[in-house]
Amino acid sequence: MARAPRTTTRPAAGGPPPAVSRVEPAARALTIALAVFVALRAAVAMVPGRAFWGHDLARDLSPASLASGTIATVAAFGFGAAWARRAPRGAGALAILGALALVAFLWMHPDRALVTGDTSLRHSAFATTDHPERFAEQAMRGDLVLHHTLPRAVAQATGLGIETVYRLQGALAVVLAMLASWALARALAVRGAAAVAVLALPIATGALALLNGYGKATVEVCVLTLAVGVGLARTLAGAGAAAGGALLAGLAVAIALLLHRSAIALLPAWAIGTVLAWRVRATWTNRQRMWATLGTVAPVLALVVVGPRLAQVVTGFDASHHLGGDARAALAGALSGARTADALNALGLLFPAAPLLLVALALAPRPSGRAALAWGAFALPPLALLWLTVPQHGLPRDWDVYAFAGVALSVVTAAAVARVFAHHPRATSAALPLAVVALVPALQWAALQADAERAWTRTESVLVGPPERAAFERARGFDTIGMLCMGRGLHERAQRMFERAAEAAPNPSTFVRIGMTETLLGRPTEAMTHYRRAATLDPRLPTAWRGLAAAASATGDRATMVEAVTRLADLVPDDPTIADARAWLAADSVRRASR
């Protein structure tokens with residue numbers, strides 16, 4: 001495959017040499033922008049409430065994480081210029097070292113909080129059931145194979161646990177992402193200090209927090225989005241590189257479509273890139289034409305295979321769960337100030353360094369029309385998806401679905417930064433600070449997931465506000481934390497979370513869970529009150545009657561036991577609780593008769 005032509009900074013024939021006055025202001029502008037960015041993130045962490053929940057991460061970190069990030073940032077600013085003069089020329093070695101370091105970091109920081117998206121489900125019932133589609137009805141077949149069938153088979157063959165297999169999949173994704181970043185640096189023709197920034201930016205996203213064993217296709221979609229970005233960069237390089245770019249982008253989009261429906265947002269970038277690539281076909285060899293043809297056909301074939309399933313999920317599950325069944329109302333909500341604020345906050349997690357794109361665009365030469373068209377088609381559809389759709393649990397928890405939007409934006413930023421460094425060579429003195437300032441929040445966000453207590457406290461704080469979150473969002477969020485706490489024996493905290501969930505949106509199942517925590521805390525009388533409330537709200541809820549039977553057994557309430565057995569027999573005739581309850585009633589009759 002032909003390599004992209006290397007960008008040079010030599011003046012045009014007869015033109016003046018690059019002036020120092022054009023170099024130093026760019027370096028100063030980047031450095032000042034980076035410093036302002038760091039200061040603003042520190043400042044919003046001290047603002048009361050959670051209006052800036054996507055940017056105020058510093059308030060939730062452990063002292064060690066906050067201190068290490070601060071020290072690294074200060075050191076990068078202090079030694080950036082000196083380091084730039086001695087930076088290694090090859091990006092390949094940096095990519096390998098970076099991949100190893102990231103794998104080690106994420107292996108030491110597994111997700112213990114399990115509050116992001118479907119994490120708690122994917123690591124419990126989904127992983128153990130023989131019918132995962134019952135728990136993830138919207139999942140594509142590729143997702144189920146990759147994150148259910150394959151991990152179970154590997155675990156059975158090797159003796160490893162499912163969790164370990166998930167984490168190994170994440171480690172592989174880290175390596176692939178780092179290799180893709182290296183390929184991006186080559187496509188953008190950057191070396192030395194500039195390559196460090198280009199390598200760091202696509203990694204410095206919220207997706208990093210998913211690469212520690214999430215077990216969902218959104219992980220692979222993030223890596224494939226990065227691959228699409230590399231393909232576009234090669235296509236924009238022109239000549240023979242465009243054929244390889246079309247092949248890479250087409251294959252990446254095709255695979256992504258097989259895994260997750262969000263990949264539909266990558267189709268505009270593939271279409272624009274394919275058109276741009278074929279415009280330079282006169283320079284191609286027969287082999288390059290074959291590559292480009294394969295890249296053109298692959299997404300079409302993928303759509304033929306999964307198109308019916310995509311249509312079914314989008315018009316069924318998504319229409320009811322993410323649009324509320326009313327597209328007009330959903331659009332009106334998307335245009336509200338609250339949704340816009342949430343989307344901007346989500347960007348603070350998905351790609352913390354997003355504001356640097358505006359700075360880079362202001363400094364760099366204007367991108368060509370074809371470059372602006374390609375990068376716009378790449379980044380804008382995922383961002384529109386983030387802004388227009390309503391996640392089931394709210395953006396603070398369901399940000400993972402949109403993580404690929406942060407990756408797309410990071411690639412566009414890397415391309416803009418590469419133009420800055422090509423046009424202003426001495427601006428590479430800001431390359432190391434840029435890389436560190438971008439990476440630190442992403443690493444801290446990933447590390448926070450390993451600290452369950454801090455992550456739960458953060459989630460609770462965001463739900464409480466101010467601003468106050470929607471009732472459904474608070475109820476689901478508190479309920480999830482409560483279940484996680486109960487599973488780890490933290491019954492008092494679990495009860496508080498369930499009570500908050502019930503306060504936000506009374507639900508019979510939530511009252512059942514409150515009753516369960518009261519039972520675990522040794523308070524059967526209080527438990528009976530909550531089970532009774534659940535049965536009153538939903539008389540056909542078997543768990544409410546099972547709970548009443550258990551509470552009646554502990555308190556000796558024969559009348560309640562008889563009622564619970566009668567209702568259970570009507571609802572679930574073969575429920576094993578019935579036999580136990582009848583045995584208790586028989587024993588109680590003997591006790592009463594012997595008195």
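The values are calculated or read from the model by the stated rules, or taken from the named source; none is laboratory data. If you're wondering where the values come from, they're calculated on a predicted model, not measured in any experiment. Cβ coordinates were reconstructed from backbone atoms using ideal geometry, including for glycine residues, and neighbour counts include every protein chain displayed. Surface areas here come from the heavy atoms of the whole protein model, side chains and all, with no ligands, DNA or RNA. Shrake-Rupley method; radii C 1.70, N 1.55, O 1.52, S 1.80 Å.
Being closer than 18 Å to Leu350 by Cβ, open to solvent by 20 Å² or more (accessible area, probe 1.4 Å) and not polar (S, T, N, Q) narrows it down to one residue among Leu448, Leu439; which is it? Don't jump to the end; show me each part of the working.
Numbers: Leu448 fails: open to solvent by 20 Å² or more (accessible area, probe 1.4 Å).
Matching residue, one of Leu448, Leu439: Leu439.
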Exercise. Grab the helices (runs of 4 or more DSSP H) fully contained in the stretch 522-571, keeping just those with 1 or more residues being touching a Gly at 6+ places or on another chain (Cβ under 9 Å) and within 23 Å of His491 (Cα to Cα).
Key: 524-537, 542-555
Self-check item: Criterion: among the basic types (Lys, Arg), crowded, with 16+ Cβ neighbours inside 10 Å and within 17 Å of Ala475 (Cα to Cα) - qualifying residue of Arg532, Arg513
Solution: Arg513
Quiz item: Mind checking whether some residue in the stretch 443-461 is in a helix (DSSP H, G or I), modelled with pLDDT under 95 and in contact with a helix residue (DSSP H, G or I) (Cβ under 7 Å, 6 or more places away or on another chain)?
Solution: no
Exercise. Filter the stretch 144-195 down to the residues that are more than 24 Å from the chain's Cα centre (by Cα) and of a type in the set (Val, Ile, Thr), then identify the one that is nearest to Gly90 (Cα to Cα).
Key: Val190
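Scanning the stretch 469-493 for residues that are outside any loop (DSSP other than H, G, I, E, B) and basic (Lys, Arg), which turns out nearest to Ala450 (Cα to Cα)?
Going through the stretch 469-493, the residues outside any loop (DSSP other than H, G, I, E, B) turn out to be 471-487, 491-493.
From what is left, the residues that are basic (Lys, Arg) are 474, 476, 493.
Values: Arg474: 23, Arg476: 21, Arg493: 19 Å.
Ranking the candidates gives Arg493 first.
Sort out which residues of the stretch 117-134 are in a loop (DSSP other than H, G, I, E, B) and open to solvent by 10 Å² or more (accessible area, probe 1.4 Å), and write them in order of number. Talk me through it step by step, then tell me what you get.
So the first thing to find is which residues in the stretch 117-134 are in a loop (DSSP other than H, G, I, E, B), and the list is 117-118, 123-124, 129-131.
Within the stretch 117-134, Asp118, His123, Ser124, Thr129, Asp130, His131 meet the criteria.
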Exercise. Could you check Ser21 against (1) open to solvent by less than 60 Å² (accessible area, probe 1.4 Å); (2) more than 29 Å from Glu453 (Cα to Cα); (3) modelled with pLDDT under 95 and say which number it fails?
Key: (1)
Quiz prompt | Extreme residue, nearest to Ala338 (Cα to Cα), among residues of the stretch 480-501 that are buried (at least 23 other Cβ atoms within 10 Å of the Cβ) and free of Cβ contacts under 8 Å to residues at least 40 places away in the same chain | solution = Ala501
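I'm checking my understanding of the structure. Among residues of the stretch 76-99 that are assigned to a loop (DSSP other than H, G, I, E, B) and not basic (Lys, Arg), which one is least open to solvent (accessible area, probe 1.4 Å)? So that I can check it myself, show each step before the final result.
Taking the stretch 76-99 as the starting set, the residues that turn out to be assigned to a loop (DSSP other than H, G, I, E, B) are 87-90.
Add one more test, that the residue is not basic (Lys, Arg), and what stays is 87-88, 90.
Working: Ala87: 14, Pro88: 59, Gly90: 42 Å².
So, considering only residues that are assigned to a loop (DSSP other than H, G, I, E, B) and not basic (Lys, Arg), the one least open to solvent (accessible area, probe 1.4 Å) is Ala87.
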Self-check item: Among (1) modelled with pLDDT of 95 or more; (2) open to solvent by 40 Å² or more (accessible area, probe 1.4 Å) - the single one Leu102 does not satisfy
Solution: (2)
Quiz item: So Arg595 fits all but one of (1) at pLDDT 90 or above; (2) loosely packed, with under 13 Cβ neighbours inside 10 Å; what number is the exception?
Solution: (1)
Exercise. Go over the candidates Leu276, Leu267, Leu257, Leu248 one by one and state the one that is surrounded by fewer than 24 Cβ atoms within 10 Å (Cβ to Cβ), assigned to a helix (DSSP H, G or I) and touching a helix residue (DSSP H, G or I) at 6+ places or on another chain (Cβ under 6 Å).
Key: Leu276
Quiz item: Could you count how many residues in the stretch 280-309 are more than 19 Å from Ala237 (Cα to Cα), buried (at least 19 other Cβ atoms within 10 Å of the Cβ) and aliphatic (A, V, I, L, M)?
Solution: 3
Quiz prompt | Checklist (1) open to solvent by 10 Å² or more (accessible area, probe 1.4 Å); (2) modelled with pLDDT of 95 or more; (3) farther than 30 Å from Ala81 by Cα applied to Asp143, failing item | solution = (1)
Quiz item: Across the stretch 50-68, what is the number of residues that are open to solvent by less than 20 Å² (accessible area, probe 1.4 Å), in a loop (DSSP other than H, G, I, E, B) and touching a residue at least 60 places away in the same chain (Cβ under 8 Å)?
Solution: 4
Practice problem: May I ask you to list pairs of residues, at least six apart or on different chains, whose Cβ atoms are under 7 Å apart, with the first in the stretch 575-595 being more than 13 Å from Asp557 (Cα to Cα) and the second being open to solvent by less than 50 Å² (accessible area, probe 1.4 Å) and at pLDDT 90 or above? | Solution: Asp575/Pro542; Asp575/Leu568; Thr577/Ala549; Thr577/Leu568; Ile578/Val565; Ile578/Leu568; Ile578/Ala569; Arg582/Val565
Exercise. With respect to Leu388, determine if the residue is at pLDDT 95 or above and surrounded by fewer than 24 Cβ atoms within 10 Å (Cβ to Cβ).
Key: no
Self-check item: Residues of the stretch 540-590 satisfying the condition of being within 18 Å of Pro524 (Cβ to Cβ) and either surrounded by fewer than 12 Cβ atoms within 10 Å (Cβ to Cβ) or of a type in the set (D, E, K, R) (or both)
Solution: Arg546, Asp557, Arg558, Ala559, Glu563, Asp580, Ala587, Asp588
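Which one of these is touching a helix residue (DSSP H, G or I) at 6+ places or on another chain (Cβ under 7 Å) and in a helix (DSSP H, G or I): Leu150, Leu144?
On the way: Leu150 fails: touching a helix residue (DSSP H, G or I) at 6+ places or on another chain (Cβ under 7 Å).
Checking each option against the conditions leaves just Leu144.
Take the conditions of a type in the set (Ser, Thr, Tyr), assigned to a helix (DSSP H, G or I) and over 21 Å from Ala446 (Cα atoms) and apply them to Thr235. Does it pass?
Numbers: of a type in the set (Ser, Thr, Tyr): yes; assigned to a helix (DSSP H, G or I): yes; over 21 Å from Ala446 (Cα atoms): yes.
Judged against the criteria, Thr235 is a match.
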